[in-house]
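Nothing in this text is a laboratory measurement; each read-out follows from the coordinates by a stated rule. These figures come from a predicted structure and were not determined experimentally. Note that we place each Cβ from the backbone using ideal geometry, even for glycine, and neighbour counts take in every protein chain shown.
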Amino acid sequence: MILKFNFYNTPSICFKIRNILTFVQQNGSAGKTGLAELNWLCLDYLNGQNMNKIKGVITAVESSPNISLVDIEAYGKRFSSLIIDTPANAAYLTPGKEVYVLFKESEVSIAKGRTGLISMNNVLEVTVSKLSKGDVLARLELDFAGVPVVSVITTRSAERLGLQAGDKVEALVKSNEITLMEA
């Protein structure tokens, strides 16, 4: 049986997936690691822990009729967020306003020893604090200027990169994957 899941859905999908995997595990067809990896995603989501949250200040807003590219300064780093809103409809989208930069753990890609240019604007220099590997997924706890950031990538990718605690790497997040919340 092959199941495909979209983790962008509501929390109820997490309960359904956990029930399916628990049933499969109890019938001898799934290892405990698969259930643990699911718990990283689902339990963190249900507890509101799967969103990285960094406080910053809006420095610039570039808008067209229905969309804005917002620049945020946080801990000496410029973040960019593509928002389907404008200052005309959302008063908080003005320079000088404090906001939280939010992005899901599953939207954080990792680069190690990268050279050359990249189209992503949100490139954070981070240190791997902790690495937890499962059969399929790996959870990286990262340190960005003293602020914790978490990334969930495949174990295969973590092993290919040779990741371990103490490594200096880059965390990459596309602008359209960043949400802003008023501080």
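Which FRET efficiency, nearest 0.05, do residue 69 and residue 164 yield, Cβ-Cβ r, R0 35 Å?
0.45
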(message) List the residues, sorted by chain then number, that are 5 or more residues from residue 134 or on another chain and whose placed amide H is less than 5 Å from its amide H.
(response) 139
(request) Using the Karplus curve 6.51 cos²θ - 1.76 cosθ + 1.60 with θ = phi - 60°, work out ³J(HN,Hα) for each residue of segment 154-161 in order, rounded to whole Hz, and write x for Gly and Pro. (result) 6, 4, 4, 5, 4, 6, 4, 7
(request) Collect residues whose amide H, placed 1.01 Å from N in the peptide plane, falls under 5 Å from the amide H of residue 50; neighbours closer than 5 in sequence don't count. (result) 45
(message) Under a crude label model (7 Å from the Cα following the beta-carbon direction), how far is residue 62 from residue 132 in nanometres?
(response) 3.9 nm
